[in-house]
Every structure is written in structure tokens, then in C-alpha cells.
Amino acid sequence: MNDVLKSKLEILSGDELTLFAIQTVINERLEKESPKVNEQDTDELLGQKTRAYEVSKMILNDVIEDIKNYKKEQSNPKTFKKER
């Protein structure tokens with residue numbers, strides 16, 4: 001990731017209102033895309049649709065959490081050095 005994107009993520013991670021607005025738009029869109037039951041759908045197809053929907057929700061919510069935590073992670077880099 002380039003420095004411009006990192007800088008924007010740092011700014012965004014500190015702006016809770018903007019993150020809330022983005023998350024609200026994402027959640028509204030997800031609800032519009034929730035699986036619809038058609039008469040010809042089999043149980044297997046309904047299961048696939050539901051799993052795809054749930055995974056999409058999980059990924060998008062994880063992205064929001066990653067952005068919220070971005071600044072914290074940058075200030076506390078992970079290291080493989082052993083502590084004594």
C-alpha cells in the first residue's frame with residue numbers, strides 16, 4: 001500500500017462519524033442484497049445464497065473494523081523479536 005493510502009486510512013481511522021456513515025451505507029446495501037427466496041430454489045441453492053450473503057457481511061464488517069484499528073496497529077507494529 002502506498003503512503004497516500006496509508007495517510008488517508010490513518011485520517012479515516014480517527015473519524016468515527018465518517019466510519020459510521022460508511023458502515024451504515026454498507027449495511028443498507030447488504031440488506032438490499034439479502035437472499036430472496038424463489039419458488040424454484042432448492043434447499044441447497046438457498047443455503048449457498050445464505051452462506052454467500054453471510055460471508056459478504058462478515059468481510060465488509062471486518063474491513064470496517066480493520067480501518068477503525070488501522071492507526072492502533074501502525075503505532076504498535078507486530079514483531080517477531082522475543083521479549084526478555
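No value in this document is a laboratory result; all are computed from the given coordinates. Values in this document were obtained by computation on a predicted structure and should not be read as measured data.
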Stretchable slack from Glu31 to Lys49, in nm (0.36 nm times residue separation minus alpha-carbon distance): 5.1 nm
Gained length - Ile59 relative to Leu12, 0.36 nm times residue gap less alpha-carbon distance: 15.1 nm
Karplus-derived 3J(HN,Hα), 6.51/-1.76/1.60, for each residue of the range 30-38, Hz, glycine and proline x: 4, 5, 5, 9, 4, x, 9, 8, 9
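Over the range 3-73, what per residue volume does the convex hull of the Cα atoms give, in whole Å³? List each step's numbers first, then the result.
Working: hull volume 6.4 nm³, N = 71.
Enclosed volume per residue, from the Cα hull, is 91 Å³.
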